[in-house]
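Novice: Sharing a structure with you now.
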Amino acid sequence: MGKLLYITANPKGLEKSKGLKIGEAFINTIKEECPEMEIKTIDLFSLDIAHMDSELVSARGKLAGYGYTVDQLTDGEREKILKMHALADDFISYDYYVFVSPIWNLSSPAVLKAYLDNLFIAGKTFAHTANGPKGLLTGKKAIHINTRGGLYTGTPMKELECGDRYLRIALNFLGIELMDTIIAEALDLYPQKVPEIVEKAKQEAIQAAKEMIKMQVLQS
């Protein structure tokens, strides 16, 4: 059976987060129509993530280019590089991914970038080749549910949006096939229309979940 990793990056919780409500519509559809799908939820604000600090950068460099073994790293370096690989290994074990995140100050919450940093491991999730880097996570699929206070689509703000754009670039780099992003935007501009905007996104999320189920059925 397929395995789905549901990744959220919003500290507000389901009661207050519009994005998490949209995500809930997606996940409930999967649970109802494909109960055999294995689902794991990760709240990035509660996850113990190794950050790209001096120790982790040093550990990566030593292992990649200087011939060190894990046992030759400092205790701090070893702890963080092993944590990075454990997170990446867990990520790799899934077939489908759902990311739920808002746009904050033109981009995603910092915890999402920190999480993605842990997935970029040469030889594990991508490979260096004579023709440039090649993603190794082929055959996997992802979708992004993205909420925005401003209006980016079809406006000059589109060029400033770095949240969904970066996530899609990063996942594509790793070889993951991307479904369309579900966007609920202008939430701060038109507060009176929030219920309508969220409901429209929920319906799109339900349809996206059904498309993912079809993919799983075809691969079974």
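The values are calculated or read from the model by the stated rules, or taken from the named source; none is laboratory data. This structure is a prediction, so every number in the text was calculated from the model and none was measured. In this analysis, Cβ positions are derived from the backbone assuming ideal geometry, glycine residues included, and neighbour counts consider all displayed protein chains. With ligands, DNA and RNA removed, areas are computed over all heavy atoms of the protein, side chains included. Shrake-Rupley method; radii C 1.70, N 1.55, O 1.52, S 1.80 Å.
Novice: Give me the number: length gained by fully extending residue 159 to residue 190, i.e. 0.36 nm times residue separation minus the C-alpha to C-alpha distance, one decimal in nm.
Specialist: Computed gain between residue 159 and residue 190 is 9.0 nm.
Novice: Can you check how the C-alpha radius of gyration of region 109-220 compares to 2.2 N^0.38 Å, as a plain ratio?
Specialist: Compactness ratio reported: 1.26.
Novice: Please give the contour-minus-distance gain from residue 75 to residue 110: 0.36 nm per residue of separation, less the Cα-Cα distance, rounded to one decimal in nm.
Specialist: Length difference between fully extended and current span is 10.0 nm.
Novice: Let me ask something additional. Using the Cα atoms as the points, what is the convex hull volume per residue of the chain in Å³?
Specialist: Measuring per residue, one finds 143 Å³ for the Cα hull of the chain.
Novice: Are there trypsin sites (Lys or Arg not before Pro) in region 15-58 that DSSP marks as loop and that have at most 11 other Cβ atoms within 10 Å, and which are they?
Specialist: In loop regions of region 15-58 (DSSP not H, G, I, E or B), the sparsely surrounded trypsin sites (Lys or Arg not before Pro) are 16.
Novice: I would also like to ask the following. Can you pull out the GluC sites (Glu not before Pro) in region 1-110 that DSSP calls coil and that have at most 13 other Cβ atoms within 10 Å?
Specialist: Answer in residue order: 15, 36.
Novice: Let me ask another. Under a crude label model (7 Å from the Cα following the beta-carbon direction), how far is residue 179 from residue 52 in nanometres?
Specialist: For residue 179 paired with residue 52, the spin-label model returns 2.9 nm.
Novice: Please compute the contact order of the chain in relative form: average sequence separation of alpha-carbon pairs under 8 Å and at least six residues apart, divided by the residue count, as a percent.
Specialist: 25
Novice: Also, quick follow-up: Keeping all protein chains in place, calculate the accessible area per residue for region 1-88 (probe 1.4 angstrom), answer in Å².
Specialist: I get 54 Å² per residue for region 1-88.
Novice: May I ask you to give the percent of accessible area on the chain that is carbon plus sulfur, with a probe radius of 1.4 Å?
Specialist: Ligands and nucleic acids excluded, carbon and sulfur reach 54 percent.
Novice: Please name which of 30, 135, 64 has its Cα lying farthest along the dipole of the chain towards the positive end, using unit charges on Cβ (Lys, Arg +1; Asp, Glu -1) and the Cα centre as origin.
Specialist: Going by the charge dipole, the pick is 135.
Novice: If I model region 80-137 as equal point scatterers sitting on the Cα atoms and use the Debye formula, what is log10 I(q)/I(0) at q = 0.15, 0.16, 0.17, 0.31 Å⁻¹?
Specialist: -0.55, -0.62, -0.69, -1.22
Novice: May I ask which residue of 92, 197, 121 lies farthest towards the positive end of the charge dipole of the chain, with charges of +1 (Lys, Arg) and -1 (Asp, Glu) on Cβ and the Cα centre as origin?
Specialist: 197
Novice: Students often get this wrong: which residues of region 62-95 have the backbone nitrogen under 15 Å from the point 7 angstrom along Cα-to-C-beta of residue 1?
Specialist: Backbone N within reach: 95.
Novice: To the nearest 20 debye, what charge dipole does the chain have about its Cα centre, counting +1 at the Cβ of each Lys and Arg and -1 at the Cβ of each Asp and Glu?
Specialist: For the chain, the charge dipole is close to 340 debye.
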